[in-house]
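I have placed the structure first, in the form of structure tokens, so that the comments after it can refer back to it.
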Amino acid sequence: MLSCRETGIAVRGALCDRLIVVESSDFGLIEKFRKDHAPYMPKSQLTMPFDVRGTFAVNNDEKVLQAIFDRISHAAPSGTLRGHVHGYIGKGKIYMTYGKPVVRDVVRRVMADYTIEQVASSRAAINARLNSELRKALGNL
């Protein structure tokens, strides 16, 4: 998705002098819950470190993309983009701004409902619930 910020509208293949590119392809991610950041599991009265892995992508909805252009500052382009576009907004910056806080909050809230024993014996069910809850929470991101 390419946009001319001056137009105020995210448009595909826009032609202008100040083209800004938003990276919206799928990307794999590992969110680590370790040491001091491991969620407390009140039913077991312990903390449990673990990783959450997933594939994420930016929603290509025009309103979502326009919000990204409006609210996230772009970086100078590098590599093959240099000389062709004015700015670049990478998926990592989008995730750190909008996705990471939501993922960490949802995972902590869901995992607090289980004991460590339940996590060990019901991984598939917990993964399904996490997937469902994360999809709901990240629906418009």
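Please work out if residue 55 is out of contact with any helix residue (DSSP H, G or I) (no Cβ under 8 Å at 6 or more places or on another chain) and over 30 Å from residue 20 (Cα atoms).
Details: out of contact with any helix residue (DSSP H, G or I) (no Cβ under 8 Å at 6 or more places or on another chain): yes; over 30 Å from residue 20 (Cα atoms): no.
No; evaluated as a whole, the condition is false for this residue.
To keep it simple, each residue is scored yes or no on (1) farther than 30 Å from residue 41 by Cβ; (2) β-branched (Val, Ile, Thr); (3) surrounded by 15 or more Cβ atoms within 10 Å (Cβ to Cβ).
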{"residue": "101", "(1), (2), (3)": "no, no, no"}
{"residue": "108", "(1), (2), (3)": "no, no, yes"}
{"residue": "112", "(1), (2), (3)": "no, no, no"}
{"residue": "119", "(1), (2), (3)": "no, yes, yes"}
{"residue": "123", "(1), (2), (3)": "no, no, no"}
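Would you tally the residues in region 118-141 being of a type in the set (Val, Ile, Thr) and either in contact with a Pro (Cβ under 7 Å, 6 or more places away or on another chain) or touching a residue at least 40 places away in the same chain (Cβ under 8 Å) (or both)?
The initial filter retains those residues of region 118-141 that are of a type in the set (Val, Ile, Thr), namely 119, 126.
Among the residues that remain, those that are also either in contact with a Pro (Cβ under 7 Å, 6 or more places away or on another chain) or touching a residue at least 40 places away in the same chain (Cβ under 8 Å) (or both) are: 119.
Result for region 118-141: 1.
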(message) Given the criteria surrounded by fewer than 16 Cβ atoms within 10 Å (Cβ to Cβ), out of contact with any strand residue (DSSP E or B) (no Cβ under 9 Å at 6 or more places or on another chain) and among the polar types (S, T, N, Q), does residue 132 qualify?
(response) yes
(request) Scan region 100-117 for residues that are touching a residue at least 60 places away in the same chain (Cβ under 8 Å) and part of a helix (DSSP H, G or I) and report the count. (result) 8
(request) Select from region 99-141 the residues that are modelled with pLDDT of 90 or more and more than 17 Å from residue 33 (Cβ to Cβ) and list them in ascending order. (result) 117, 121, 122, 124, 125, 128, 132, 135, 136
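The values are calculated or read from the model by the stated rules, or taken from the named source; none is laboratory data. Remember, it's a predicted structure, so these values are computed and weren't measured experimentally. Cβ atoms come from the backbone with ideal geometry, glycine included; neighbour counts cover every protein chain shown.
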